[in-house]
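Some notes on the structure that comes next.
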Amino acid sequence: MTTVVTGPTPAAREAAIHAAIAASPDVPTAVILEGLASANSPLADCAPQVTVVRIAPGCLCCAGNLVLRVSLNRLLRRPPARLLISLANAEHAGQLHGMLENAPYVGLLTLGANWHIHLT
C-alpha cells in the first residue's frame with residue numbers, strides 16, 4: 001500500500017509517518033522523505049524492517065522527478081509491504097498520483113482510496 005503524506009512541517013509529516021509505522025511495526029516499510037534530516041526526527045531510530053530514503057528539498061514531481069524515480073526504483077527491487085512518501089507541498093500530489101498509477105509503477109504499487117493524507 002502506498003500513501004503520500006503532506007503537511008506544513010517536516011516534523012509533523014515525520015511524526016505522522018512514525019505513528020503509522022508504530023501502529024504496525026512488523027510490516028516491512030519504505031519511506032521516501034523530501035528534505036534534510038532533523039536531529040530530532042522520530043524516524044532516526046526505526047526498526048530494521050523500515051528503510052528511510054531522503055531526497056533533497058524541492059518539488060518531487062517536477063525538479064526532483066529523476067531523483068524520485070531512481071529512489072523509488074531502488075526500493076522496488078525488494079518491494080516493501082507499505083510505502084510512505086512525504087511531500088512538503090500538497091500542490092502537486094495529484095501529479096505524483098498520476099505518475100504512480102502509470103507504467104512502470106502501475107503493477108508494482110497499490111494506491112488505495114486513502115492514498116493521500118494531508119496534515120493541517
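Any read-out appearing in this document is the output of simple, stated calculations on the displayed coordinates, not a laboratory observation. All of these numbers come straight from a predicted model, not from anything done at the bench. For neighbour counting, all protein chains shown are included, and Cβ atoms are generated from backbone atoms with ideal geometry for every residue, glycine included.
Once you place label points 7 Å from the Cα toward the Cβ at D26 and Y105, how far apart are they in nm?
About 2.9 nm, to one decimal.
Tell me the mean residue ellipticity at 222 nm calculated for the chain from its helices only (DSSP H runs of n ≥ 4, each -39500 (n - 2.57), averaged over every residue, nearest 500).
-8500 deg cm²/dmol
Let me know the Rg and Dmax you get for region 1-56 when you use only its Cα atoms, in Å.
10.5, 28
Calculate, in nm to one decimal, what R69 and V53 gain on full extension: separation in residues at 0.36 nm each, minus their alpha carbon distance.
Gain on extension, R69 to V53, equals 4.5 nm.
Note down the net charge around P80, summing +1 for each Lys or Arg and -1 for each Asp or Glu among other residues with Cβ under 15 Å from its Cβ.
Local net charge: +3.
Give me the one-decimal Kirkwood hydrodynamic radius in Å for the chain, with the sum taken over alpha-carbon pairs.
14.2
Please identify the helices of the chain, taking whole runs of DSSP H, that span at least 18 Å along their own axis as judged from the Cα atoms and have a mean Kyte-Doolittle score of -1.0 or higher.
Working: long enough: 10-23 (20 Å, 0.76).
Qualifying helices: 10-23.
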